[in-house]
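What follows is one structure encoded as structure tokens, with my remarks underneath.
The values are calculated or read from the model by the stated rules, or taken from the named source; none is laboratory data. Every value quoted in this text rests on a predicted model; they were computed, and no experiment measured them. When we count neighbours, we look across all protein chains shown, and the Cβ atoms used for this are built from the backbone with ideal geometry, even at glycine. Areas reflect the complete protein model, heavy atoms only, side chains present, ligands, DNA and RNA absent. Shrake-Rupley method; radii C 1.70, N 1.55, O 1.52, S 1.80 Å.
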Protein chains: 4
Amino acid sequence: MWLHASCFLEFNIPVATPFLLMLRPRSGRQQWVAREQYELSPTVMAVEFTDPFGNLCQRLVAPAGPFSIHTSVNIECAEAFDIAPGAPFIEVQNLPEEPLPFLLPSRFCESDRFTQLAQSLVAGRAPGYDQCTAIVDYICQTLQYAPGSGLQIISASEVNEKSQAVCRDMAHLGIACCRALSIPARMVVGYLEGLVPMDLHAWFEAYVGGRWYTFDPTQNDRHGGRVAIAYGRDATDVAIYTQFGDPVDLVRMDIRVERVSVAL
Amino acid sequence: MWLHASCFLEFNIPVATPFLLMLRPRSGRQQWVAREQYELSPTVMAVEFTDPFGNLCQRLVAPAGPFSIHTSVNIECAEAFDIAPGAPFIEVQNLPEEPLPFLLPSRFCESDRFTQLAQSLVAGRAPGYDQCTAIVDYICQTLQYAPGSGLQIISASEVNEKSQAVCRDMAHLGIACCRALSIPARMVVGYLEGLVPMDLHAWFEAYVGGRWYTFDPTQNDRHGGRVAIAYGRDATDVAIYTQFGDPVDLVRMDIRVERVSVAL
Amino acid sequence: MWLHASCFLEFNIPVATPFLLMLRPRSGRQQWVAREQYELSPTVMAVEFTDPFGNLCQRLVAPAGPFSIHTSVNIECAEAFDIAPGAPFIEVQNLPEEPLPFLLPSRFCESDRFTQLAQSLVAGRAPGYDQCTAIVDYICQTLQYAPGSGLQIISASEVNEKSQAVCRDMAHLGIACCRALSIPARMVVGYLEGLVPMDLHAWFEAYVGGRWYTFDPTQNDRHGGRVAIAYGRDATDVAIYTQFGDPVDLVRMDIRVERVSVAL
Amino acid sequence: MWLHASCFLEFNIPVATPFLLMLRPRSGRQQWVAREQYELSPTVMAVEFTDPFGNLCQRLVAPAGPFSIHTSVNIECAEAFDIAPGAPFIEVQNLPEEPLPFLLPSRFCESDRFTQLAQSLVAGRAPGYDQCTAIVDYICQTLQYAPGSGLQIISASEVNEKSQAVCRDMAHLGIACCRALSIPARMVVGYLEGLVPMDLHAWFEAYVGGRWYTFDPTQNDRHGGRVAIAYGRDATDVAIYTQFGDPVDLVRMDIRVERVSVAL
């Protein structure tokens, strides 16, 4: 399916402020970027780099005053995400290198505190994909998806003591449990077609059976129309913008995703 | 300055043929991509990756029949390239890691055969930028720029025995001489505003004084309006397309570069 | 100076347990490995990889029963670490790519919560190296170094509310404050000659004036004899071992560092 | 099996000369380094880096006068290399990223000139491993292995017109033919236990069926006891030393490989 997805950010900047941005989705195995725009207003010098997780990042100093960033893509992606019941667990010494950084605990996924919970959740399940499914089932059953409820980012441990959560929280909990079982798991932030209310979305991927598979505790129906903007260990790594110094006002944020019939 | 640059490739494909493409310029320290399109016709699955030199590459299997690729960018770049007479040579043990692969001989830049020539060209010059200038002067004086004359890619050794050359040849000769003096040098292929006749262009960069500097033996007037599409050790690494198997017909290739007044 | 440094780890493993290890110091700009040993007992298959921060990591599954790891290096390092009062701050858009990942908040260095503190500490100081010095001074004045007091790893926010801390805690606080000022900062774990009591040590580096500089809030006397084993964003990234599944017993850990007169 | 392998290089250096060295074998999926030494005499500052192919490289400036390098490893490796008749060809769009750079022509493996030969050699063979076997058979049948005959490095095209060749030449020819069929192929330089006469050895690996497999046209009997020192696109990338400037005298080169019964 072809999507047109866009992100509009408008800031009010008191003093010149450094930004790291992650707003250029890459063409990958599951998506193909046919058109892309990245508009800064006013125009300032920006420099791009690739972070350790392969994301294209932009850095700039936003000048004082109103500052807006408008990015959009025309992108092809799948109608539904792949599933693979029975896909096996891969032991750490047999994993390729790329998923290895996603085995370690991270800021919001303290997987070293989840060994007992994770083991109890997957009791009786075949190691690998089916364990991930059991984890997602647990998250869906114990947490109510409450979009908009999560202003502050909390860690998987804190999520696990609540009854309501946002997509980011539920992904963190899933990631922490997977890693506690030595299954590499990574955060994805991106666009999701048809999300209500429309916003950026977060889900996770787990590495089993020789590749990454999508898991989404909040949209657990194989829903495709996904545009990955950034991959990382948790929300820290995939912030679409990070600013330094005194806080700036985000005056407006507008996310749009529409199905389109052709590429351009 | 803002440029709109585009590349149109039309092939006639006898049997399904694998391609590696390098047609997505990245935003870097000297250029900022504000809009980009990448159109495949017919649409086929393509997967992108970053090569060891940081270039975004695309791979796909072109189906039998007519196949076209149309890419374009709106991009900001400098009016003139930086120069730095006197910028010093950096000894190999003090170089950062990134330029190191560009010290070694490569397919078309057999720098191990250029030690004597390079040393004679730079006699009396301060080590570093001024040596690169002496090398470019030599190339300009001994070779006549003859666009269109170079169907077959030849190596720096072969270039050095000729009287006429294309931009690629002259870049290869410059790179080979720089590396023979332990100066990292890399090939750049890209767009150049105002080139006559319009075509893709090739030049080189040398690492002196702590950064990469542009050198262009064929357009030796600080001419800006440059869009780097790919960096590499020589022409092998920066082919905008590489095909496997039986040769395919390139029916049409059309390069355009225009100054535009605004970003989008 | 030449050092012989060694790490001996002895575990009691109830069930076969996956490990990630980081116990092979690399030769870098400040140290040269002349001899190295890495002994596993019993011998098991181990596979090495390079993590996103450039560290050499080993992974293996430790079999049930007693399991020991013994690593050692003969290494050359400096008598004192470099200092550079006045080395300037570098704006984010002018930084090279390598230090960029070390600008972001991380698990134990929540730099996004340290903007106010950091700004107050560096009031009146020139941006760059001198700000880092002010941060280290603050840490030395407010926290008492209490080796052995920190069984649980705590975050910079938690450290800042205590009166005693271990080297790791003090490094975390320094890193969080530097990043809050847009200065890249990274954790280093390694050997330190003459440390009392002898143990692994942790300090940090900040990127100012175009390179990484060493800062050590607990050994703040330019003390050299440092062997970096691993670099990372915080303690999470530089754990010399990470195990998965049920906890294993670390029966014995023995760190030794001795000055030696010759390389081998 | 456990091996003790060593390389001794002794130079006579007329003027201080920069070197790039590749003499530190890494622990990988097929070998585990238990002990390693790297001795420079006289001692000079050396800095290590990882090249784009994952090799550990050392750089230094050798001072005028006698200069020697002595490296050794105690390493575990397999008794025989794996074979996999029938392992399938993987289409370019389905390959992982790591083998992709090894699809392109390179200095000594001009695979773009080998399409016809390669296709004729593999007529009737199943795509993948069996094609590689056919290529190795052709090399063994048409070229006589003549160790010591190859002072100058020649390219696969030149090799293919000769009747005698060294291990490096035969590997180049194999690589060129594999790449001409869109099979990633890479050069390996290393130690081989039992080689007569003892010297450094070169062979190649091809990526089929989801992993790299060893092929050795000169020791085509599944002979194990292999220690990979460096991987690359061809001989250019895997030179154990590259020197810049005027040639230096290699006074002595001594390679030893012995089976040992224990690790250390």
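DSSP beta bridges in chain A, what fraction antiparallel, as a percent rounded to 5? Present the calculation step by step, with values, prior to reporting the outcome.
Details: 66 of 68 bridges.
Close to 95 percent.
Counting only C-alpha contacts under 8 Å and six or more residues apart, can you give the relative contact order of chain B as a whole percent?
About 30 percent, as a whole number.
Which of A:Val122, A:Val196, A:Val238 moves most in a GNM of chain A, Cα contacts under 10 Å?
Checking each option, the largest mean-square fluctuation is seen for A:Val196.
Among D:Phe19, D:Val33, D:Pro52, whose Cα projects farthest towards the positive end of the dipole of segment D:1-98, with charges put on the beta-carbon of Lys, Arg (+1) and Asp, Glu (-1)?
Going by the charge dipole, the pick is D:Phe19.
Taking the Cα centre of segment B:1-95 as the origin, how large is its charge dipole in debye, to the nearest 20, when only Lys and Arg (+1) and Asp and Glu (-1) carry charge on their Cβ atoms?
200 debye
For a quick check: with amide H placed at 1.01 Å from N, whose amide H comes under 5 Å from A:Phe114's, ignoring anything fewer than 5 positions away on the same chain?
none
Below 8 Å, C-alpha to C-alpha, sequence gap of six or more: please give me the relative contact order for segment B:92-220 in percent.
Once divided by the residue count of segment B:92-220, the mean separation gives 28 percent.
Report, by chain and number, residues whose modeled amide H sits under 5 Å from the one on A:Ala62, excluding near sequence neighbours (fewer than 5 apart, same chain).
A:Thr17, A:Phe19
What does the average come to when, for each residue of peptide C:227-233, you count the partner chain Cβ atoms lying within 10 Å of its Cβ?
Neighbouring Cβ atoms belonging to other protein chains average 1 per residue here.
Provide an ascending nm list, one decimal, of label-point separations from B:Pro66 to the equivalent residue in each further copy; define each label point as 7 Å from Cα along Cα→Cβ.
The answer, with the shortest distance listed first, is 4.7, 7.4, 7.8 nm.
On a C-alpha basis, how far is the centre of segment C:155-178 from the centre of segment D:207-228 in Å? Whole number, if you could?
Measuring centre to centre over Cα atoms gives 51 Å.
Go ahead and set up a Gaussian network model of chain B, Cα springs under 10 Å, then flag whichever of B:Glu161, B:Glu193, B:Glu79 fluctuates most.
Highest fluctuation among the options: B:Glu161.
State to the nearest 20 debye the size of the charge dipole of chain C about its Cα centre, where the only charges are +1 on K and R beta carbons and -1 on D and E beta carbons.
Dipole magnitude for chain C comes out near 160 debye.
Could you pull the accessible area for D:Ser111 with a 1.4 Å probe, rounded to 10 Å²?
10 Å²
When a/c reaches 1.5 or more, the comparison of a/b and b/c decides; with that in mind, is segment D:152-202 rounded, prolate or oblate per its Cα gyration tensor?
oblate
Quantify how strongly other chains surround peptide B:92-104 by giving the mean number of their Cβ atoms within 10 Å of each of its Cβ atoms. Don't skip to the answer; put the middle values down first.
Values: counts 10, 11, 5, 4, 6, 10, 4, 0, 8, 7, 0, 5, 9.
Shielding by partners across B:92-104 averages 6.
Whole-Hz ³J(HN,Hα) for each residue in segment B:99-114, computed from phi via Karplus 6.51 cos²θ - 1.76 cosθ + 1.60 with θ = phi - 60°, x for glycine and proline: what do you get?
Whole-Hz 3J(HN,Hα) from phi for segment B:99-114: x, 4, x, 8, 8, 7, x, 9, 3, 9, 10, 7, 4, 5, 9, 10.
Provide the per-residue ³J(HN,Hα) series for segment D:242-257, in order, calculated from phi with Karplus coefficients 6.51, -1.76, 1.60 and θ = phi - 60°, each as a whole number of Hz, with x at glycine and proline positions.
Result, ordered by residue: 10, 10, 10, x, 4, x, 10, 7, 8, 6, 8, 9, 9, 10, 9, 9 Hz.
Using the charge dipole of segment B:153-264 (Lys, Arg: +1 at Cβ; Asp, Glu: -1 at Cβ; taken about the Cα centre), state which of B:Met198, B:Gln164, B:Ser261 has its Cα farthest towards the positive end.
In segment B:153-264, that residue is B:Ser261.
With a 1.4 Å probe and all protein chains kept in place, how do D:His201, C:His223 rank by accessible area, largest first? The partial results should precede the final answer.
Numbers: D:His201 0, C:His223 50 Å².
Descending accessible area places them as C:His223, D:His201.
Return the percentage of antiparallel bridges among DSSP beta bridges fully within segment B:44-196, rounded to the nearest 5 %.
75 percent
Using θ = phi - 60° and the Karplus curve 6.51 cos²θ - 1.76 cosθ + 1.60, what whole-Hz ³J(HN,Hα) does each residue of segment A:82-97 get, with Gly and Pro shown as x?
Running phi through 6.51 cos²θ - 1.76 cosθ + 1.60 with θ = phi - 60° gives 5, 10, 7, x, x, 4, x, 5, 10, 5, 4, 6, 9, 5, x, 6 Hz.
At D:Ser6, label 7 Å along Cα→Cβ: distances to the other copies, nm, ascending?
2.1, 6.7, 7.0
Gap in Å between the Cα centre of segment D:79-126 and the Cα centre of segment D:1-74?
31 Å
Kindly express, to the nearest 10 degrees and within the range 0 to 90, the angle between helix A:129-142's C-alpha long axis and the longest C-alpha principal axis of chain A.
With both axes taken from Cα atoms, the answer is about 70 degrees.
I'd like the antiparallel share, as a percent to the nearest 5, of DSSP beta bridges with both residues in segment A:137-212.
On the way: 8 of 10 bridges.
Among the beta bridges of segment A:137-212, antiparallel pairing accounts for roughly 80 percent.
Along the Cα-to-Cβ line of A:Ala123, 7 Å from the Cα, sits a label point; which residues in segment A:142-178 have backbone N less than 20 Å from it?
Label zone hits: A:142-143, A:177-178.
What figure, in Å² to the nearest 10, do you get for the accessible area of C:Glu91 with a 1.4 Å probe and non-protein molecules left out?
About 90 Å², rounded to the nearest 10.
Per residue of B:58-69, how many C-beta atoms from partner chains lie within 10 Å of its own C-beta, taken as a mean?
So the per-residue partner count for this stretch is 2.
Select from D:Leu151, D:Leu143, D:Leu117 the residue whose mean-square fluctuation is largest in a Gaussian network model of chain D (Cα-Cα springs shorter than 10 Å).
Residue with maximal mean-square fluctuation among D:Leu151, D:Leu143, D:Leu117: D:Leu151.
I want the local charge near D:Thr133. Using Cβ-Cβ distances under 15 Å, sum +1 for each Lys or Arg and -1 for each Asp or Glu among the other residues.
Spelling it out: positives minus negatives among the neighbours equals -4.
Under 5 Å between amide H atoms, partner at least 5 residues away or on a different chain: which partners does D:Gly128 have, H built in plane at 1.01 Å?
Under 5 Å from the amide H of D:Gly128: D:Phe89.
Summing Lys, Arg as +1 and Asp, Glu as -1, what charge do residues with Cβ under 12 Å from the Cβ of A:Asn160 carry, A:Asn160 excluded?
Taking every other residue near A:Asn160 into account, the sum is -2.
With label points built 7 Å along Cα→Cβ from the Cα atoms of C:Glu97 and C:Arg29, find their separation and express it in nm.
The two pseudo-label positions are separated by 1.8 nm.
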